[in-house]
Structures are given as structure tokens and as C-alpha cells.
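Colleague: Here you go, one structure.
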Amino acid sequence: MELKGKTAIVTGSARGIGFGIARAFAKAEANVVISDMNLDSAADAARTIESEGGVALPFKANVTARAELDAMVAATVARFGALDILVNNAGIESTPSLLKDITEEQWDRVISVNLKGVFLCCQAVIPQMAKQGGGRIININSLAGRRMTFFGSADYTASKHGGIGLTQHLAWELADSRITVNAICPGAVLTPLAEMHTTPEYREMVTKRLIPLGRWCMPEDIAGAAIFLASDAAALVTGQAIDVDGGVMTGFGEDLRPIIRQRMEEEKAKAAQKAARGA
């Protein structure tokens, strides 16, 4: 799917999932703004994209600072003449804690970045998109917003549930401006940071217990869904939360399948016996 001539801002895109999305957008011929808290990291990411033939503009912005976001939108339009796509990818996790141990400071910080940050970014881009006659907003959420996080804390779960609610509300509110708003809910994603903080044994255990398709997501998997939602193919898709999780939300990991299959065979045998007795 091509995004030729489109311009996208991807927040938190100097590394990880955000960089994977920005890189895929650039390969689909979109102009990409690499937004990150660290300008050097954003510049490095932009150079990588440009070395591959893409077009990228690095920009330092804090998603909780509205003035910085307004400046980023203005710089984007000044450079590329338009703003067609916003990917709200920037987010944080706290130290995993039981609710009784979460400090007010930790709660406020997670909610501020993961929920208020999405709100502020949307506010910053909506006037430009409406002026142009439409646009696409894609919120990178989490399976934590669909049920809960297995690995984090209640603050993260609450922020992500709020993100899906905001996605659905904005999809309704902005429909007459021809701005679609959708969320992507990744499962476990194998980023360099995830590799640093987990062992191969742990990842194998998670895969076996929770992921029917048998592997963790890669940033490219999330990027594929983002390209679809940003493309003309998704013109009538809005207000949706799309899971990219290898089947985690089915609730049936590898460890449960043999049990379910055995039970089905047992029930089949019982039905055959009952039929035989009635013959």
C-alpha cells in the first residue's frame, strides 16, 4: 500500500515500534516527522531513513507540552505543506507495582504521557487536518486497553483503557471532518528494549503460554497495521481497536490447546457411545 505524497508525524519514533512505523511509512513514500524527546536520537533515526531513500524530519517534542506540539505541527506544514497522518506512539511504563504501592507521582506521570499526551497531540493536529479536508489519527495502544496488562501495573492498564475510549469518542466527533481515528493494540513486541529486559527463556515461556501463532510481534507487524489504517484501503474504518497480538486475545495459548482438543475427542467418543446404545 502506498502513502506517496502523504505526510505523517510519528511520536516516540526514534526507536522501537515508533521507528518501525516511521521507517515503513517512508518506504511507502510518505514524508515522516521523527518526533522524540531526544533530538540526537531523532536525528539518527531520520538519517537512517534518508540513507534508505526516504524523507524524514527530526523534531524534539514532549507530548505533554502543548506549545512544543504546536511548534512541531507548524514546522511540519512549513516543510511539507500538509499534515495527513498522526501516529500517537509515545508512551511509558512504570515499575510494575501492586495498586497499594503505586505512588501518586507514578500514577500522574503514566496517565500524563499515555493519555494526556494523546489528547494534546490530537488537539494540535485536528485544526490542520480539518482545514485540509481530512486526515488519519492512529493511536498505538496495547492489549492492556482491551483487558489488562499481565506484566505492568494498574496505572498502565488505566491509561490504555482511556486511550481506547478517547479513540472511539474522537472517531465519532471528527467523522464529519473526514478524520478517521483508530487504535492498534500490540501484544508482546520484540524491540531492543524488550530483549534487554527479558531473557530468551522468559520470552519462550510467554510464547508457549499466551501466543497461539507462536512468536512475539515485531515492530514491522505493527507497522503493517498502521500502513493499512493510513491508506485509502481503510477509508471507511474508524473507531476501531485492532489487535496485533498473534492470537493472545483468543485466550487459548499453546498450553491449553492439547487440553481442549482432548476434551473434544472425549466428547466425540461419548456421543458415539450414546448413539451406539440407542441403535
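Colleague: Considering region 88-132 alone, what residues qualify as being among the aliphatic types (A, V, I, L, M), farther than 19 Å from Ser153 by Cβ and either without any contact (Cβ under 8 Å) to a residue 24 or more places away in the chain or in contact with an Asp or Glu (Cβ under 6 Å, 6 or more places away or on another chain) (or both)?
Modeller: Ala124
Colleague: Would you point out which residue out of Ala22, Ala28, Ala46, Ala8 is buried (at least 24 other Cβ atoms within 10 Å of the Cβ) and over 18 Å from the mean Cα position of the chain (by Cα)?
Modeller: Ala46
Colleague: Residue by residue through region 140-163, note down the ones that are of a type in the set (A, V, I, L, M, F, W, C), touching a residue at least 40 places away in the same chain (Cβ under 8 Å) and not in a helix (DSSP H, G or I).
Modeller: Across region 140-163, the qualifying residues are Ile140, Phe150, Phe151.
Colleague: Related question: Any chance you could count how many residues in region 204-251 are under 22 Å from Gly135 (Cα atoms) and part of a helix (DSSP H, G or I)?
Modeller: Selection size over region 204-251: 12.
Colleague: So which residues in region 212-230 are farther than 15 Å from Val248 by Cβ and in contact with a Lys or Arg (Cβ under 8 Å, 6 or more places away or on another chain)?
Modeller: Result: Ala223, Leu229, Ala230.
Colleague: A further question follows. Filter region 72-100 down to the residues that are small (Gly, Ala, Ser) and out of contact with any Ser or Thr (no Cβ under 9 Å at 6 or more places or on another chain), then identify the one that is nearest to Leu57 (Cα to Cα).
Modeller: Initially, region 72-100 is screened for residues small (Gly, Ala, Ser), giving 74-75, 78, 81-82, 90-91, 94, 97.
Among the residues that remain, those that are also out of contact with any Ser or Thr (no Cβ under 9 Å at 6 or more places or on another chain) are: 74-75, 78.
Details: Ala74: 13, Ala75: 9, Ala78: 11 Å.
For region 72-100, the residue satisfying everything is Ala75.
Colleague: Now a separate question. Please indicate, with yes or no, whether at least one residue in region 129-138 is surrounded by fewer than 18 Cβ atoms within 10 Å (Cβ to Cβ), over 14 Å from the mean Cα position of the chain (by Cα), modelled with pLDDT of 95 or more and basic (Lys, Arg).
Modeller: yes
The values are calculated or read from the model by the stated rules, or taken from the named source; none is laboratory data. Every value quoted in this text rests on a predicted model; they were computed, and no experiment measured them. Note that we place each Cβ from the backbone using ideal geometry, even for glycine, and neighbour counts take in every protein chain shown.
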